[in-house]
Amino acid sequence: MIDGPVFVADLKRDFDLVDEIINKDYSTRFRIPRENHTSRSILSPKRTLGSVIKLLTPSSENSQEFNQWLAGIPQSVKDLVFIVKRYHKADWGEEWRNRFSVDTINGKPGYELRYRNHKINTRYVRVGYTDDGSWRIFGVRKDYRPSQKLSLEDDITASVVVPSRVLPNLEPGFSYPSAKLIENCEFRFFQRPDDAIVRGYDRKTEADMARSNNFFCNYEPLDHAAGKEIVEDAIRVGQFTPVMQEMLQRFAAADRPDYVVTPAHPRIVDGKPTKNPRYLQNRPDLETPMAWYLADVACRLYRKIPLDQPVPNPVHAVLPGRRNNPPEGHVRALSCFNPIHYMELPELFMEFIASITGKSPSTTGAGSEGALTKGPFNALLPVHDLNNALISMILTGYDAFITSAGCVGPKYRVDHDVSLVVPELWARMSPEERTPRALIAQGCLEPVTDFTYEGRT
């Protein structure tokens, strides 16, 4: 997620369109006319921003003419309507235009929209990259705030499956016959912060790496000469977060320690930066227990659970990530894999067992992601873990949706963007909405049928 300004091409022209949209009569928009139907004004306190977004989105319930009219509205103008709705107060009435303005630059109107002479910031999400490496940016709803992820596991988790009927106080709508309860066994996560190589982008990683008592793997140990060179490059050091800048300045001014590490300087292997830098991150829920406490209290209040009873939060969704590699050197790309696939048994466990990940950064060739890294922490033979996982999937009836990480096909690079967006979506969908049955009925998923190529099916 990134924050950015709101741009307008021509304030007067765009706001004239906004005014037209706000004052339009929407009571006749339906394909099947509704008797005695009156439409609420867009700026009415009785209509929410979400309702306005739905109103200006094409729908099968609308007439063809209305949907065509919606299709002719530039998305930038729709965004302005949503901004006006977001900031509108009842006492404004119809006088909303004078609250918004742009600067005058060299005698001409500028392009950055302001509200009461303050810049308006909106949120955007990155989903992948273009061919030249630039970001693919998409706007999100004007009232959107990302949820806060509470990481409960990384590599090692203890779990138990129990019948749902013996668990009181489950979330309304939890319809699985059995539930899996999990508990983290780790104090630290073995993280690979891929995006942290971009200075200032991964604020959490830079905050972690700026403190003492760290364990690093595959980062370049920079001596005092290199540290001073980084600090003296005022423009580039300023791209780090303030906490990382302060740490680098302290290192450059002191005699000890002998080396420093930054997320922008992974170890050089075979003449180029390694793709597998790692560090041990303290579990966020142990560092900031307030977030977990708030989540627990919120669930307790929502479900009306007494203080003397536990709050069960079983697994609700299985969303594995599948690392796909681009063609590179002698390693070919994997077969095309969509951003998200719903897989049923037994195909799901064919995928799990093969653990198809292309070229893992942890190894020298194609193979299982994390291969050779889990053995020291797990004394069980793999077949026992697979049997337990299979039995739990059968007993619970959970649905698995596999998301793409790395690349989608041989050309499109997405890194972890899709894998991060999907859980955010799932967290905001109702239990019914995220079932395969509902997604297929809504046309969100379509089957991948067998096909014949060069005589092979």
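Taking the Cα centre of the chain as origin and charging only Cβ (+1 Lys, Arg; -1 Asp, Glu), how large is the dipole, in debye to the nearest 20?
In total the dipole reaches around 1100 debye.
Pull out the extension gain between Tyr111 and Asp308, defined as 0.36 nm times the separation in residues minus the alpha carbon to alpha carbon distance; nm, one decimal.
This chain segment gains 65.2 nm when fully extended.
Using the crude model of +1 on Lys and Arg Cβ and -1 on Asp and Glu Cβ, and no other charge, please compute the dipole size for segment 190-282 relative to its Cα centre, in debye to 20.
In debye, rounded to 20, segment 190-282 gives about 260.
HN-Hα J couplings of segment 103-115 from phi, Karplus 6.51/-1.76/1.60, θ = phi - 60°, integer Hz, Gly and Pro as x?
These are the phi-based 3J(HN,Hα) values: 6, 9, 10, 6, x, 10, x, x, 10, 8, 6, 10, 10 Hz.
From the Cα gyration tensor of segment 2-119, with a ≥ b ≥ c the square roots of its eigenvalues, which class applies: rounded if a/c is under 1.5, or else prolate if a/b is larger than b/c, or else oblate?
prolate
Considering the options Pro221, Pro257, Phe190, tell which one lies farthest towards the positive end of the dipole of segment 190-282, charges being +1 on Lys and Arg and -1 on Asp and Glu at the Cβ, about the Cα centre.
Highest projection toward the positive end goes to Phe190.
Would you mind checking the pairs Lys24/Lys54; Lys275/Lys411; Lys142/Lys180; Lys149/Lys411 and listing those with alpha carbons more than 27 angstrom apart?
Lys142/Lys180; Lys149/Lys411
Taking H placed 1.01 Å from N in the peptide plane, check which residues at least 5 places from Met343 or on another chain put their amide H under 5 Å from its amide H.
Counting only residues 5 or more places away or on other chains, the set is Ala400, Ile402.
Could you tell me which of rounded, prolate or oblate describes the chain, using a ≥ b ≥ c as the square roots of the eigenvalues of the alpha-carbon gyration tensor, with rounded for a/c under 1.5 and, failing that, prolate when a/b is larger than b/c and oblate otherwise?
Taking the square roots of the gyration eigenvalues as a ≥ b ≥ c, the chain is oblate.
What spacing in nm lies between the two simple spin-label points modelled at Ala317 and Val127, each 7 Å away from Cα in the Cβ direction?
Each label point is offset 7 Å from its Cα along the Cβ direction, giving 1.4 nm.
Using the 10 angstrom Cβ neighbour count as an exposure proxy, how do Met244, Met429, Met393 rank, fewest first?
Met429, Met393, Met244
Taking amide H positions as placed 1.01 Å from N in the peptide plane, with prolines and chain starts having none, which residues 5 or more places from Gly128, or on another chain, fall under 5 Å of its amide H?
Correct list: Arg136, Asp417.
How do the peptides 284-296, 259-271 rank, highest first, by the average count of neighbouring beta carbon atoms within 10 Å per residue?
259-271, 284-296
What distance in nm separates the two pseudo spin-label positions at Val162 and Leu294, each 7 Å out from Cα along the beta-carbon direction?
2.9 nm
What distance in nm lies between label points placed 7 Å from Cα along the C-beta direction at Leu390 and Lys228?
Between Leu390 and Lys228, the simple spin-label model gives 6.3 nm.
What's the FRET efficiency of Arg188 with Asn36 using the Cβ-Cβ distance as r and R₀ = 56 Å, to the nearest 0.05?
Given R0 = 56 Å and the Cβ-Cβ separation, E is 0.30.
For Asn324, list long-range residues whose amide hydrogen, built 1.01 Å from N in the peptide plane, is under 5 Å from its own amide hydrogen.
Under 5 Å from the amide H of Asn324 lie the amide H atoms of Ala405, Gly406, Cys407, each far enough along the sequence or on another chain.
Answer rounded, prolate or oblate for segment 185-275, using the Cα gyration tensor with square roots of eigenvalues a ≥ b ≥ c: rounded when a/c is under 1.5, else prolate when a/b is larger than b/c, else oblate.
Here segment 185-275 falls in the rounded category.
Express in nm, to one decimal, how much length is gained between Arg86 and Val140 on full extension, taking 0.36 nm for each residue of separation and deducting their alpha carbon distance.
18.1 nm
Using +1 on the beta carbon of Lys and Arg, -1 on that of Asp and Glu, and nothing else charged, what's the dipole of segment 2-119 about the Cα centre, debye to 20?
320 debye
Per DSSP helix of 4 or more residues, -39500 (n - 2.57); summed, then divided by the residues of the chain. What does that give at 222 nm, rounded to the nearest 500?
-8500 deg cm²/dmol
Considering only DSSP beta bridges where both residues belong to the chain, give the percentage that are antiparallel (nearest 5).
The answer is about 90 percent antiparallel.
So for segment 376-457, considering every pair of alpha-carbon atoms, how many percent are separated by more than 17 Å?
Above the 17 Å cut-off, segment 376-457 has 70 percent of its Cα pairs.
Would you kindly state how much longer the chain becomes between Glu171 and Arg13 on full extension, computed as 0.36 nm times their sequence separation minus their alpha carbon distance, in nm to one decimal?
52.0 nm
Coordinate-derived values only; no laboratory data. These figures come from a predicted structure and were not determined experimentally. Here Cβ is always computed from backbone atoms with ideal geometry, including for glycine, and neighbour counts include all displayed protein chains.
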